[in-house]
Every structure is written in structure tokens, then in C-alpha cells.
Amino acid sequence: MRKIFELSPQNLEKLSALRKQYPEQKAIVLPLLWMVQNQLSYLSEEGMQFIATELDVPYMHVYSVASFYTMFIFEQPKKHLIEVCRTLSCALNGADDVKAYFDDKCDDDVEVIEVECLGACGGAPMCAVDGKYKESLDDAKLEAILKELKC
Amino acid sequence: MVNISVDNQKIEVEENALLIKVLQDNDVEISHFCYHEALGVDGNCRMCMVEIEGAKRPQIACNTLCKEGLKVHTKSPNILKVKQEILELELINHPVDCPVCDQAGECSLQNYYMDFGLYGSRHSVEKTKKAKHVDLGSNVMLDQERCVLCARCTRFTQNISKSNELFIIGRGDQARVSSAPNKPLNNPYAMNVIDLCPVGALTSKDFRFQQRVWFLDSVESICHGCSKGCNITIDHNTTKFDNDRIHRYRPRRNMAINSYFMCDEGRLSFHKENKKSRHFPFNASTLRTLMCTDESKKVMLANASLSVENLSILKLFCDKYSIELFSLPIVDETFGDDWLRNSVRSANASALEFLEISSSYEAFLKAAQTSKLLININHPLLFENIESHAKIMHFTTHDFEDMGDMRNIVSFASYSHENGTLINSDNIIQKFSKSLHNIHSENTLHHIFTQIDNTLYKTQETLWSGYISKQLGLGFSDIQKMGTKLKGVNNA
Ligand code: SF4
Ligand code: SF4
Ligand code: FES
Ligand code: FES
């Protein structure tokens with residue numbers, strides 16, 4: 001049987017609040033994408049289909065919006081996710097080295113991806129480990145992250 | 001009306017007319033990728049930049065409305081430079097594989113580059129690689145590297161076919177046209193995106209690698225796939241060691257009928273015209289003896305896709321020799337939709353009423369039962385279930401399955417081998433022209449029947465002035481290029 005996606009009760013509540021907030025229902029695509037990704041850890045076809053039906057927009061619209069953002073992922077990720085910011089401030093402060101470090105040291109349980117600005121430029125270079133921001137990265141902090149993830 | 005000036009020429013236009021349309025209508029060359037009359041303004045490609053006096057920067061013609069006193073320059077040095085720069089950007093990640101690209105010769109990017117391009121490349125960075133042969137479905141192949149992201153194809157599926165299969169995904173240098181995984185391009189009009197694509201990003205599986213477009217000869221014709229009568233261009237040619245052959249149908253603009261489009265089934269219907277059939281010559285005196293001399297009851301069933309001229313000559317022939325003439329339009333309820341496709345699959349079904357040819361199925365069956373001779377003019381009904389005891393004489397354009405006694409078969413030229421007119425489902429009469437020349441040097445129906453009885457109108461011209469114009473209430477020369485709407489039979 002095909003898996004059907006359903007929003008959690010909390011997210012359902014959020015959705016009905018959002019519906020009132022936005023006169024243009026299309027605007028809810030992004031928050032809904034986040035809800036789906038939070039629930040499933042990625043965007044499944046069923047999840048995006050749910051959004052399309054819920055907001056009465058074409059499936060392809062949802063998919064195209066999601067594909068625009070590097071932070072949305074379409075496949076079940078590994079156990080841990082490290083998002084390394086690669087936008088200007090971080091890039092100038094050594095994002096490349098951070099990425100290379102994780103690529104080199106992390107084991108198969110960890111997925112390392114590059115994302116665009118996470119809005120923490122003051123703490124460049126930075127990354128998000130399973131959603132938690134780690135800023136002003138230096139060798140010690142990188143090592144600490146690895147320890148935390150038990151690599 | 002307001003006055004504007006384009007390259008110092010005065011033009012009078014409607015107030016608020018779209019500048020790019022005005023330029024096109026006045027044959028001022030204006031480069032563009034994303035604007036299309038049927039798809040509207042999108043303003044994403046910036047190729048249509050013009051200089052407007054009083055405006056600080058160049059403006060896009062596709063989003064400029066005409067106001068009194070507007071002064072436009074399309075060819076100033078500044079504009080040429082801007083276009084050169086846009087094209088340079090366009091080529092940063094373009095594979096420049098024109099030598100193996102099917103669009104070469106009819107590619108906007110190639111044409112504009114020849115006109116305004118920067119010939120010596122200044123690029124040194126490596127190009128981004130994208131997918132080069134994506135099978136989108138419905139015979140459409142996508143080369144993402146050649147795409148200029150004009151979004152014409154995606155706007156077609158969003159606004160016109162409303163099937164929403166194509167979108168642009170990703171961003172920056174990763175932006176590309178795509179369908180969603182497991183959701184291929186799938187609608188009856190899908191192949192129109194190939195014509196819409198200004199470059200070689202979308203090509204037809206059916207046509208690619210077959211011919212170079214500059215070797216093709218084009219003829220204006222009408223699709224015979226259903227009674228809508230979409231206007232088409234037939235592209236054909238004769239190559240060495242081969243017969244004249246059609247390579248593709250393309251929709252031809254006619255705002256009263258099909259605008260810029262056609263359905264996929266009609267588009268691919270040319271394959272039947274290319275099919276080689278056996279040649280069955282006719283013998284006029286045998287046919288004369290068979291059809292014109294004895295008094296026994298005879299019934300003729302004509303295909304309702306025959307041209308007005310062919311139906312007329314049959315009508316005159318049958319009237320003269322007391323043959324009962326019927327023509328049964330073919331109806332396929334699953335085919336029609338609320339746009340172009342019409343369930344009446346016979347291209348000239350509307351002509352029957354004007355020519356007073358019976359289309360009653362019951363009456364035909366009744367007549368056929370008592371008839372001694374059935375004359376079949378290319379009607380599928382008689383190719384299949386022949387339950388009558390009558391002798392059947394087939395006139396056919398193509399081989400059919402159970403040909404039986406081949407002495408009773410005469411072959412004649414199909415529509416791409418002759419000129420003619422058709423009346424479509426909206427009673428618009430349109431001309432189509434001969435495209436194929438020497439596939440099997442077939443005789444036209446007109447020729448065959450005027451050989452049998454040489455007192456009939458010898459040429460299409462005399463047939464028109466002597467008979468057809470009386471039936472239709474207009475002369476051949478009254479038919480406009482884009483067709484002419486006939487008054488219905490009842491309110492004529
Ligand atoms: S595939 Fe063709 S029509 Fe579609 S966006 Fe690209 S260039 Fe435009
Ligand atoms: S809608 Fe009818 S006339 Fe038009 S292309 Fe299709 S089959 Fe041909
Ligand atoms: S550039 Fe890295 S957080 Fe903004
Ligand atoms: S045609 Fe005007 S911006 Fe594309």
C-alpha cells in the first residue's frame with residue numbers, strides 16, 4: 001500500500017494558524033515543507049503530494065520550490081546531518097577547510113552537505129549539526145563536534 | 001491610437017499595445033527568447049532590450065506599453081553591446097554543440113549569436129555539466145545544457161495544457177528544466193513544447209537526427225487527423241536513393257483555429273502518408289462498364305476526409321449514374337476534448353451537408369443490403385466488416401488488411417499528394433497544398449473519375465466555378481489565407 005503522509009497534531013494546529021495569516025495559500029508551501037521535513041527528516045514524494053493537495057497547487061510547484069533550497073533534502077539522510085555554510089562570510093573564513101575536515105574525518109553515519117547562508121555570519125565559519133548551530137569554528141571546536149557524534 | 005517612433009520611423013499603434021508585438025507586426029527584427037504571443041510576457045531573458053528615449057537604462061520591449069510619443073531605438077550601438085553581453089552570459093555554460101544539434105538552422109540562440117555575438121570567447125572557467133539526454137516522456141528529449149531557461153515549456157504545461165509536468169528546479173548555475181521523478185511529461189499536446197523551445201534543448205524523438213532543417217522543403221497544409229483542421233506546415237524532401245518523404249508536421253499559426261499548436265496524434269499522423277502502398281492501376285473502360293452501364297442498384301461509400309473537390313466529383317458522378325452516395329464521418333468519443341481535439345475524426349465531415357451527401361448510417365446499411373455493387377472510396381468500414389453479398393470495388397490510398405480479390409482495387413493519391421479544400425468543424429473552409437511528389441506517382445481521385453466519364457469537370461478550377469461555388473455560396477478565390485467562415489447550410 002502507498003504510504004499516506006499526515007501532519008502531526010501540533011503541525012496541524014500551526015497550519016490552520018498559517019492559513020489565516022496568509023491570504024495567498026501558495027505562501028504556505030515553505031512552512032509546510034519544513035513541517036514535512038521535520039517530521040520525516042526528509043521530503044518524501046507522499047509528503048510533497050500532501051502539500052500539493054492541501055494547498056491546491058501542482059505537485060511540480062512544490063517540488064520546484066523545494067529544489068531551490070539546498071536545505072531541503074529528498075532522500076532519507078544518514079543518522080547525523082552536518083550542514084556547512086558556504087556563503088560569503090563563511091567562505092572567506094575557511095568554510096572549505098571545515099567541509100574538507102568533516103569529509104575526511106566523519107564516518108558513514110554522518111552526512112555532510114554544503115548550504116547557503118544560515119544567518120549566523122557573525123560567527124563565521126559555522127555549521128549546523130543536526131540543526132544546532134556551531135559557530136566560530138576552530139580546530140578544538142571541530143574536534144569537539146566529532147567527539148559528540150562519536151566518530 | 002498613439003504615435004510612436006521606432007528607429008526614426010513613425011508608427012501609429014493602439015495605446016498600451018505591447019511594444020514587442022508592435023515591432024513583430026511591423027517586421028522590425030527584435031531578438032527574444034521568453035516572450036511568445038500565446039504564453040504572454042515573462043521578462044526573464046532580457047534579449048528584447050531596446051533603447052527608449054528618456055529612460056536611463058535599456059528596457060525590455062516585451063514589457064513596455066506604447067504611449068504617445070514613445071521613441072524606441074532597436075539598433076543603437078549601446079543596444080548591440082547589451083545584447084552581446086547577454087549572449088556572452090548565455091554561453092558561459094552552453095556546450096556549443098551546434099554541429100550535432102537538431103535545432104541548428106532554426107535556433108534563436110544561434111541566429112542571435114551570428115547577429116550580435118562576441119566571436120572571440122573570453123571564458124576560461126570550466127563549464128557546469130548537466131544532463132544531456134533526459135527523456136521527458138511523450139517523445140520529448142531534453143538537453144539541459146542547451147537550455148536558456150526561458151520557461152516557455154514550463155509555462156506551456158502550466159498555463160496552456162494545464163498539466164503542470166515541467167518546472168524549473170534548482171537555482172543559479174544548477175537551475176534546469178525538469179519533470180518530477182516518476183511523473184513524466186504526459187498530455188496529448190506535449191510535443192508543442194518542442195516548437196516553443198527557441199533553442200535545441202527540447203527535441204523530438206521522432207525527428208531528431210533525421211534531417212538537417214535546411215534541407216527540408218515546406219508546404220502549407222491542414223492536418224487531416226480530425227475535423228478541427230489545425231493548420232500545419234509539412235516539411236518534406238527527397239534525398240538520394242529515396243522517395244520524397246515527409247519528415248515532420250509543424251503547427252502553423254492560425255488564431256481562429258489552432259493558434260500556435262496541434263495535438264501529438266495529428267503531429268505524428270504523417271507517418272501514414274509516408275507508408276508505401278502497392279500501386280493498383282485503374283482501367284477506365286473496365287470501371288465504366290462496372291459502374292456506369294448496367295441498371296442494377298449501386299451504392300458508394302466515401303470517406304468524409306476527402307477534399308471538397310473529391311467529394312464533389314463523386315457527388316456529380318453518382319448523381320449522373322443513379323448511384324446512391326453516402327459518406328459516414330468517423331466518430332471517436334474518446335478523442336475529443338475542450339480544446340483542439342474533436343471527436344469527429346473525419347477532416348471534411350462538415351462538407352457533407354453543403355454538398356448534400358447523406359451521412360445516415362441506417363440508410364447506408366439499408367441501401368447496402370439490396371445493392372449489387374458497393375463502391376468503397378477509402379472508407380475503413382468497408383475495409384473491415386464486409387457482410388454484404390454485393391461485389392465491392394475498393395478505391396484506396398493505403399494497403400489494408402484483407403485485400404481479397406485484388407482485381408477490385410484501385411489506388412489513388414492521399415491528401416499530401418494533391419491540392420484541395422476542407423471545411424472544419426466550425427464551418428471554416430481552408431485550402432491545403434500538395435507536398436509529396438513522387439512517392440508512388442498515384443492518380444488523383446479527380447483524374448480517375450474524369451477518365452471514367454470525360455464529360456465531368458476536367459480541372460479543379462472548372463469544378464469550382466461550375467459546381468462547388470454554387471453549393472458553398474463562395475468562389476475559390478474568396479477563400480482567405482487563414483480560411484473563411486461559411487454560413488451554415490440552414491441559415492445560408
Ligand atoms: S527547455 Fe527550451 S523552452 Fe524550456 S526553458 Fe529551456 S530553452 Fe526554454
Ligand atoms: S486536433 Fe485534430 S486537426 Fe488538430 S492536430 Fe490534432 S488531429 Fe490534427
Ligand atoms: S555566510 Fe555563513 S552564516 Fe551567513
Ligand atoms: S522576450 Fe523580453 S525579456 Fe525575454
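The values are calculated or read from the model by the stated rules, or taken from the named source; none is laboratory data. Note that this is a predicted model, so its numbers are computed, not measured. Here Cβ is always computed from backbone atoms with ideal geometry, including for glycine, and neighbour counts include all displayed protein chains. Side chains are part of the model used for accessible areas, which takes the heavy atoms of the whole protein and leaves out ligands, DNA and RNA. Shrake-Rupley method; radii C 1.70, N 1.55, O 1.52, S 1.80 Å.
Taking (1) within 16 Å of ligand 2 (Cβ to nearest atom); (2) touching a Pro at 6+ places or on another chain (Cβ under 7 Å) in turn, B:Ser359 satisfies each apart from (1).
Would you check if B:Phe270 is within 16 Å of ligand 1 (Cβ to nearest atom) and open to solvent by less than 10 Å² (accessible area, probe 1.4 Å)? Here the answer is no, as B:Phe270 does not meet what is asked.
The residue that is nearest to the other protein chains (Cβ to nearest Cβ), among those in segment B:181-239 that are over 19 Å from B:Gln110 (Cβ atoms), open to solvent by 20 Å² or more (accessible area, probe 1.4 Å) and within 16 Å of ligand 1 (Cβ to nearest atom), is B:Pro184. Take the conditions (1) in contact with a strand residue (DSSP E or B) (Cβ under 9 Å, 6 or more places away or on another chain); (2) in a loop (DSSP other than H, G, I, E, B); (3) open to solvent by 20 Å² or more (accessible area, probe 1.4 Å); B:Ser346 misses just one of them, which is (3).
Residues considered: A:Ala124, A:Ala100, A:Ala128. Of these, the only one that is within 9 Å of ligand 3 (Cβ to nearest atom) and either more than 14 Å from chain B (Cβ to nearest Cβ) or of a type in the set (Phe, Trp, Tyr) (or both) is A:Ala124.
Could you check segment B:240-263 and list, in sequence order, the residues that are in contact (Cβ under 8 Å) with a residue 12 or more places away in the chain and open to solvent by 20 Å² or more (accessible area, probe 1.4 Å)?
Quick first cut of segment B:240-263, residues in contact (Cβ under 8 Å) with a residue 12 or more places away in the chain only: B:243-263.
Answer for segment B:240-263, where residues must be in contact (Cβ under 8 Å) with a residue 12 or more places away in the chain and open to solvent by 20 Å² or more (accessible area, probe 1.4 Å): B:Asn243, B:Arg245, B:His247, B:Arg248, B:Arg250, B:Pro251, B:Arg252, B:Arg253, B:Met255, B:Ala256, B:Ser259, B:Tyr260.
Output the residue which, of all residues in segment A:51-105 that are charged (D, E, K, R) and within 30 Å of B:Pro184 (Cα to Cα), is nearest to ligand 4 (Cβ to nearest atom). First the steps, then the outcome.
Keep residues of segment A:51-105 that are charged (D, E, K, R), which gives A:54, A:56, A:75, A:78-79, A:83, A:86, A:96-97, A:99, A:103-105.
Subsequent filtering for residues that are within 30 Å of B:Pro184 (Cα to Cα) retains A:54, A:56, A:75, A:78.
Values: A:Glu54: 34, A:Asp56: 29, A:Glu75: 35, A:Lys78: 43 Å.
Only one residue fits best here, namely A:Asp56.
Restricting to segment B:153-180, name every residue that is at pLDDT below 95, at the interface with chain A (Cβ under 8 Å from one of its Cβ atoms) and open to solvent by 40 Å² or more (accessible area, probe 1.4 Å). Answer for segment B:153-180, where residues must be at pLDDT below 95, at the interface with chain A (Cβ under 8 Å from one of its Cβ atoms) and open to solvent by 40 Å² or more (accessible area, probe 1.4 Å): just B:Arg171. The one condition from (1) in the same structural domain as A:Leu118 (by TED's automatic domain parsing); (2) crowded, with 18+ Cβ neighbours inside 10 Å; (3) in a helix (DSSP H, G or I) that A:Val84 does not meet is (3). The set of residues in segment A:5-61 that are within 14 Å of another protein chain (Cβ to nearest Cβ) and in contact with a strand residue (DSSP E or B) (Cβ under 9 Å, 6 or more places away or on another chain) comprises A:Glu45, A:Met48, A:Pro58, A:Tyr59, A:Met60, A:His61. When B:Ser425 is tested against the conditions (1) over 20 Å from B:Ile313 (Cα atoms); (2) touching a strand residue (DSSP E or B) at 6+ places or on another chain (Cβ under 6 Å); (3) touching a residue at least 60 places away in the same chain (Cβ under 8 Å), the lone failure is (2).
For segment A:39-53, state whether one or more residues are among the aliphatic types (A, V, I, L, M), modelled with pLDDT under 95 and open to solvent by 10 Å² or more (accessible area, probe 1.4 Å).
First, the residues of segment A:39-53 that are among the aliphatic types (A, V, I, L, M): A:40, A:43, A:48, A:51-52.
Those left that are additionally modelled with pLDDT under 95: A:40.
Next cut, open to solvent by 10 Å² or more (accessible area, probe 1.4 Å) only: A:40.
Yes, because at least one residue in segment A:39-53 is among the aliphatic types (A, V, I, L, M), modelled with pLDDT under 95 and open to solvent by 10 Å² or more (accessible area, probe 1.4 Å).
Number of residues in segment B:39-54 that are open to solvent by 40 Å² or more (accessible area, probe 1.4 Å) and in a loop (DSSP other than H, G, I, E, B) equals 6.
Could you tell me which of the residues B:Gln480, B:Gln430 is within 25 Å of the chain's Cα centre (by Cα) and closer than 18 Å to B:Ala347 by Cβ? Explain how you work it out, then say what you get.
Details: B:Gln480 fails: closer than 18 Å to B:Ala347 by Cβ.
Criteria check complete, one pass: B:Gln430.
Within segment B:266-292, residues that are in contact (Cβ under 8 Å) with a residue 12 or more places away in the chain sit with their Cβ atoms under 6 Å from residues that are open to solvent by 60 Å² or more (accessible area, probe 1.4 Å) and assigned to a helix (DSSP H, G or I), at 6+ positions apart or across chains, in these pairs: B:Ala284/B:Gln451.
Checking segment B:319-339 against the condition returns no match, with no residue being more than 16 Å from ligand 4 (Cβ to nearest atom), more than 29 Å from B:Lys431 (Cβ to Cβ) and aliphatic (A, V, I, L, M).
Of everything listed in (1) surrounded by 16 or more Cβ atoms within 10 Å (Cβ to Cβ); (2) in contact with a Ser or Thr (Cβ under 6 Å, 6 or more places away or on another chain); (3) not basic (Lys, Arg), the single unmet condition for B:Asp399 is (1). Scan segment B:1-33 for residues that are assigned to a helix (DSSP H, G or I) and loosely packed, with under 14 Cβ neighbours inside 10 Å and the total you get is 1.
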